[in-house]
Amino acid sequence: MATTGTYPAFDGLHPVVPAAYFCGVIMVTMLAFQPVCVGISLAGALACSLAQRGCASTLRGLRWQLPVALLVALANPLFSASGSTLLLRLGPVAVYAESLAYGACMGSVLVAAVLWFEDASRSLTSDKLMALTGGAWPTVTLMASMTARLVPELVRRGREVSGAESACTAARPSTAAGRASSRIRTSGVLMGWSLEDSLVTADSMRARGWGAAERRTSYRLYRFADRDSAALVGVVTLVAAAGVAAWIASSGFRFYPVETALSPWWGYAPVAALAFLPSALALGGRLGWRG
Amino acid sequence: MEGLGVRGKALVMRDVSFSYPPAPGGGAVPVLEHVSLEVGEGAFCLLVGHTGSGKSTLLRLAKPELALAGERGGAVEVFGRDVSRLSVGDSARLVGFVFQDPDAQMVCDSVWHEMSFGLESLGTPPPEMRRRVAETCHFFGIEPWFGRDVATLSGGQRQVLALASALAMRPRLLLLDEPTSMLDPVAEKSFLHALFRVNRELGVTVVVATHRPWPMVDYATCALEAGAGAVREVALGPLRARPSLGVPPSPAVPDAEAVRADDVWFRYSRDAPWVLRGCDLAAACGSVHALVGGNGSGKTTFLRLVAGLGRPSRGRVRVGSGLSAHVALLPQDPKALFVCDSVAAELREWQGRAGYPDEDVTDVASRLGLSGLGATHPYDLSGGQQQLLALAKLLLTRPRLLLLDEPTKGLDARAQAVLADELWRLAASGAAVLMASHDPNFVRQVADVTSMLFDGGVAATEKTPSFFEGSVFFRD
């Protein structure tokens, strides 16, 4: 499907809505250390990633995330020998089932948090982040915007400079020392180039009234409408409900020495509603779309 | 109104002098001496003159926050107001300024933020700002790329954005310092067209400093020439003349093959669109071969592949036997080659690696007009001199295959003639020259063979005279 991968959640809403959502869901994920809550959050993050980033890039990410999770799960028993169900003994180290479960839970929290951050970065582009801060700190926002321009430019120019040197074959460094000095040379060229450009940039800012007003204003790319305040109230309520539910679930749960019983299924409903909100919205948006 | 002659004066200078502060051990350097001039409201005025004739200084004197350090005298008035008494905000509202470099004058990362930068500085209320940005973008046709990042724009689009973001503040006088010298001729034409509309439709007075007046003469209403500290009015007609580059020493006799590309396919990443799709090309030693074609037709990419800076996804690029150790590439921006503090050191940077004698340095420097500039910092040279310095650096490595990417950018007539001489000399010595260029005037006079790139492949390769005779669209 051609549209896969370009479907940001909360499209068409003021950026403050996705910002509140992702802050809330990441907080709930990191604070609720209980297998069912973690499982729900992980599933929700995966669903959201599939809905807005597409299958290919989600799988590409999982290629490194799953091994890391596995490593954490397997490493935990080595460091914490607690629990009551002995699985096996590796020399002096005893591996308990509870300890393994704890590790698996920790690995899942890690993957879920990474996935939520990836989802957030897809929804909250730099433009949207700036729209959040623009009203309160226009100058900070401007500086963020300038940095966002300069960093990729520096990388691009670095490639251009080293390319220009290595394309000139007679002047190509032949020794290891020569190659090392050519890297230093690249940074020297970049430094000179950037300093020179910054003088022009400063002139360009002055020519357009830099410092003329007591206080800078901000261009508003996004309007905050009634719809947005309704959505924001909804998201905040959901986050609060999920937070309470997750707190109840995780405060009544212990891994050690024996895993305690889980709360009844309906105790997780708010967490599930929160975790699957963006994917449900995306799915609903796609199914309900009429041309 | 014009008929009655009561239109005001947009810019008036009375007895203006300026000199740079004295260098250690020297006297003050006068740039302008007792200059008086008037530019009427609604004029499109060209300010011509050679590099170093004080054009930029003159423009900056009318914009106090850009003024250079130095001694000044006389009075500068914009619409009857003394500029030295203008506040920063008033100056921004009254006088817009567009610089030469399309990259460096961008401040923000996205088009919408760049457009609103000036209005944000002036503290314009958001509803008013929204309206002005919308109007200005509509006028310049920026809407399709309003949401894009500045980094993804072409040089021509950036320069139009610089113009638009100055005009969002609704200035009545617009000063431009070599605004098109870093653009290719196609982008230059569309920029000038936008500028023309600003002048005629919006009534904004325009003063453009340039050392290449010929593309602008049709838009202009008057011209001033700066030189030897003075400024005088000149007629527009003679400025129309294009540079003549002289005659090649002898018709080159192409011999061995220097470059052969067979069915080359290339893209920058796995999911990116193809830049080259089945490109075939052969260039011979002893000739100057030009690549022409629009932006994004793959000229730069092709040169990079020949220089070994990338590997074709399919097909091959072969460089003639014995040439691969003697390749040199002149990048679009000569600054990519500058690392030293002086021209002299720059010319010797590769002496150790490439092993050229001191006589060569002196010889090349004098041929390219860099002799007296040994102690100058490369960044203090004009754009054209920078281009020639970069070329000199490459020539010193004695290339047998010279690749040039838009070598005529920013060159005035004199520097173009110097460049043409060097390319002919190189070809006559049996080396191969392959250049990507947007400049039909230069290609027509200098290249032996011309290939046109289109849609990722070579659409035509012909001897240059027949290429231009058979073309209706390539006119200079």
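The values are calculated or read from the model by the stated rules, or taken from the named source; none is laboratory data. These numbers come from a predicted model, not from an experiment. Cβ sites come from the backbone with ideal geometry, for glycine too, and all protein chains shown count toward neighbours. When the accessible area is computed, the model is the full protein with side chains, heavy atoms only, and any ligands, DNA or RNA have been set aside. Shrake-Rupley method; radii C 1.70, N 1.55, O 1.52, S 1.80 Å.
The table that follows gives values for the structure above.
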item: Mean Kyte hydropathy of 1.6 or more with a Cα span along the axis of at least 18 Å, helices from DSSP in chain A; result: A:16-31
item: DSSP bridge pairs, the stretch B:9-240: antiparallel proportion in percent, nearest 5; result: 55 percent
item: Dipole in debye (nearest 20) - the protein assembly as shown, about Cα centre, beta carbon charges: Lys, Arg +1; Asp, Glu -1; result: 1500 debye
item: Beta bridges per DSSP with both ends in the stretch B:257-469, % antiparallel, nearest 5; result: 50 percent
item: Size of electric dipole in chain B: Cβ of Lys, Arg +1 and of Asp, Glu -1, about Cα centre, debye, nearest 20; result: 600 debye
item: Packing rank of A:146-153, A:268-275, where each peptide gets the mean count of other beta carbons within 10 Å, highest leading; result: A:268-275, A:146-153
item: Euclidean distance of C-alpha centroids, the stretch B:373-421 and the stretch B:60-138, integer Å; result: 33 Å
item: Solvent-accessible surface (1.4 angstrom probe) belonging to A:LEU154, in square angstrom, nearest 10; result: 80 Å²
item: C-alpha center-to-center spacing [the stretch A:93-166, the stretch B:443-476] in angstrom; result: 47 Å
item: Over chain B: helical MRE at 222 nm, DSSP H runs n ≥ 4 each giving -39500 (n - 2.57), nearest 500; result: -9000 deg cm²/dmol
item: Interchain or long-range residues, amide H under 5 Å from B:GLU257's placed H; result: B:CYS285
item: Total accessible area lost when B and A pair, probe 1.4 Å, Å² to nearest 100; result: 4900 Å²
item: For the stretch A:46-80 and the stretch B:291-318, distance of Cα centres in Å; result: 39 Å
item: Relative contact order of chain B, pairs being alpha-carbon contacts under 8 Å that are 6 or more residues apart, as %; result: 15 percent
item: Cα-centre dipole for the stretch A:138-207 with unit charges at Cβ (Lys and Arg positive, Asp and Glu negative), debye to 20; result: 280 debye
item: Charge tally in the Cβ shell below 13 Å around B:LEU94, where Lys, Arg are +1 and Asp, Glu are -1, B:LEU94 excluded; result: +2
item: Using distinct alpha-carbon pairs, which all enter the 1/r mean, Kirkwood radius of the protein assembly as shown in Å; result: 30.2 Å
item: Chain A, relative contact order in percent, only Cα pairs under 8 angstrom and at least six apart counted; result: 32 percent
item: Degrees separating the helix B:383-396 axis from the principal Cα axis of chain B, which is the longest one; result: 20 degrees
item: With Cα atoms, 0 to 90° folded angle of helix B:155-167 axis to chain B main axis; result: 0 degrees
item: Amide H within-cut-off set for B:LEU330, under 5 Å, with H built and near neighbours excluded; result: B:LEU403, B:LEU404, B:ASP405
item: Förster-model FRET efficiency, 30 Å R0, B:TRP214 and A:VAL200, C-beta, rounded to 0.05; result: 0.70
item: B:ARG197/A:VAL236 FRET efficiency (R0 51 Å; Cβ-Cβ; nearest 0.05); result: 0.55
item: Dipole of chain A, positive direction: furthest Cα of A:ALA202, A:THR141, A:ALA32, with charges on the beta-carbon; result: A:ALA202
item: Filter on B:LYS189/B:LYS409; B:LYS63/B:LYS335; B:LYS63/B:LYS409; B:LYS409/B:LYS463; B:LYS299/B:LYS335 - keep pairs with C-alpha separation over 22 Å; result: B:LYS63/B:LYS335; B:LYS63/B:LYS409; B:LYS409/B:LYS463
item: Extreme residue, positive dipole direction of the stretch B:257-469, given options B:SER342, B:VAL364, B:LEU434 (C-beta unit charges); result: B:LEU434
item: Under DSSP loop assignment and at most 13 Cβ neighbours within 10 Å, longest chymotrypsin sites (Phe, Trp or Tyr not before Pro)-free interval of chain B; result: B:1-267
item: Residues B:VAL234 and A:LEU132, FRET efficiency given R0 of 60 Å [Cβ-Cβ distance, rounded to 0.05]; result: 0.65
item: Reduction of at least 40 Å² in accessible surface, 1.4 Å probe, comparing all protein chains with the chain by itself, residues of the stretch A:168-188; result: A:CYS168, A:THR169, A:ALA170, A:ALA171, A:ARG185
item: Helix-derived mean residue ellipticity, 222 nm - over chain A, DSSP H n ≥ 4, -39500 (n - 2.57), to 500; result: -24500 deg cm²/dmol
